[in-house]
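Data first, discussion second: the structure below is written as structure tokens.
The values are calculated or read from the model by the stated rules, or taken from the named source; none is laboratory data. If you're wondering where the values come from, they're calculated on a predicted model, not measured in any experiment. In this analysis, Cβ positions are derived from the backbone assuming ideal geometry, glycine residues included, and neighbour counts consider all displayed protein chains. Accessible surface is based on the protein model in full, side chains and every heavy atom, while ligands, DNA and RNA are left aside. Shrake-Rupley method; radii C 1.70, N 1.55, O 1.52, S 1.80 Å.
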Amino acid sequence: MKLDSDQKRVELHVHLDGAIRHETIYDLMRKNKMKLPGDGSFEALSKALTVTEPKDLANFLKPFGIYIQALKSLEAAERVAYEFCEEMTKNKVAYAEARYSPHNFLPEHQKEVSKLSGLKQVVEAITRGFKRGEEDFGPKVTSILCGFNGDESVDDVLKLAQIFKGEGVVGIDMATKQDLGYNPEEVKLNSQAIRCYEEARKCGIHRTLHAGESGGPEMVQRALQVFHAERIGHGYHTLEDENLFQNCLRDRVHFETCPHSSILTGAVKLDGHKKHPIIRFAENDANFSISSDDPTIIGKWVDSDYQLLEEWGLNAQHFKKANFNAAEASFLPQNEKAELLEVIKKLWT
Ligand SMILES: [Zn+2]
């Protein structure tokens, strides 16, 4: 790894399909002759893409609808992957696991012809982008493939993770489409998704899972006990069940926390008195790391999440710990993880 001396962060929870420069989206939308918001200017697009007021997850996810069609080509896929690496360097990141739904990049015509071979080409294009990015900018980036609970995409990402295991893909993730607002009855235990996670476990494919973001602690419990997730995406609401939280501390369950996103999605509501769950994680020496989630929508990359945490009172020691946690919890093969830990150790002393 050729890295700058201050490049010592590890980011584990960032959606590549939500980590695209506004300039690139503008360019791709114009190339695709797509309708731009407002007066069609870059400024109007940038404003439409950025969520600045906390509301709920559904509101937070809305801007994806503006540009997702512009991503549906292999060129776009490789380009955003390559540019992502440059952004990681600017944000002092040495290693990132970028997750994405390959379906978001699948060219329309491929859906009909051969979906799996189209999806394979998407993963190859993104891996190519990361490789070129690593050569030009330094940081190492691997892929986590993300499916949605309740449709066949989880099956697809499992197949792809099996095909590309050891070749740039390190794990799978699942987000829950139903998880729009906290309504536990709506979040169904989907047998197909459970089977996929079980199969992944058998094949040695690493697994993370979005849980306890807008959903309650029972979602975290379910992620751990039913899906056997190795890491929890967000997990803030774990704290509503003290027993569960104590068990997570004991078992060193890793929480991928995303400060700005936690506020803007309405997952965490700060009412002036309550401590943010990340502060509690830090105070209790929970196993957590710091990520950005969706820089495109937040309008800021992970560096600003560190700044926010600093404002909340976290210090250099907390950041050091969080980055060691992240490296330890990464889905890299053992030898590469040891190498990453060496790098991190040198840079944080
Ligand atoms: Zn996420």
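If you go through segment 270-307 and keep only what is assigned to a loop (DSSP other than H, G, I, E, B), more than 16 Å from the ligand (Cβ to nearest atom) and in contact with a strand residue (DSSP E or B) (Cβ under 9 Å, 6 or more places away or on another chain), you end up with Ala286, Asn287. Contact map, segment 255-266: first residue hydroxyl-bearing (Ser, Thr, Tyr) and at pLDDT below 95, second residue open to solvent by 10 Å² or more (accessible area, probe 1.4 Å) and more than 12 Å from the ligand (Cβ to nearest atom), Cβ cut-off under 8 Å, separation 6 or more or different chains; pairs are Thr265/Pro54; Thr265/Asp56.
On the stretch given as segment 216-269, residues that are touching a Pro at 6+ places or on another chain (Cβ under 7 Å), within 13 Å of the ligand (Cβ to nearest atom) and open to solvent by less than 10 Å² (accessible area, probe 1.4 Å) total 1.
Can you give me the number of residues within segment 135-169 that are part of a helix (DSSP H, G or I), under 25 Å from Asp6 (Cα atoms) and within 19 Å of the chain's Cα centre (by Cα)?
0
The test for being more than 24 Å from Leu209 (Cβ to Cβ), out of contact with any Leu (no Cβ under 6 Å at 6 or more places or on another chain) and surrounded by fewer than 17 Cβ atoms within 10 Å (Cβ to Cβ) holds for Glu311. For segment 136-153, check the following and say yes or no: at least one residue is at pLDDT 95 or above, open to solvent by 10 Å² or more (accessible area, probe 1.4 Å), among the aliphatic types (A, V, I, L, M) and in contact with a Gly (Cβ under 8 Å, 6 or more places away or on another chain). Scanning segment 136-153, I find at least one residue that is at pLDDT 95 or above, open to solvent by 10 Å² or more (accessible area, probe 1.4 Å), among the aliphatic types (A, V, I, L, M) and in contact with a Gly (Cβ under 8 Å, 6 or more places away or on another chain), so the answer is yes.
Would you mind finding the one in Leu57, Leu28, Leu12 that is of a type in the set (A, V, I, L, M, F, W, C), within 22 Å of the chain's Cα centre (by Cα) and either more than 25 Å from Lys140 (Cβ to Cβ) or open to solvent by 70 Å² or more (accessible area, probe 1.4 Å) (or both)?
Working: Leu28 fails: within 22 Å of the chain's Cα centre (by Cα); Leu12 fails: either more than 25 Å from Lys140 (Cβ to Cβ) or open to solvent by 70 Å² or more (accessible area, probe 1.4 Å) (or both).
The unique qualifying residue is Leu57.
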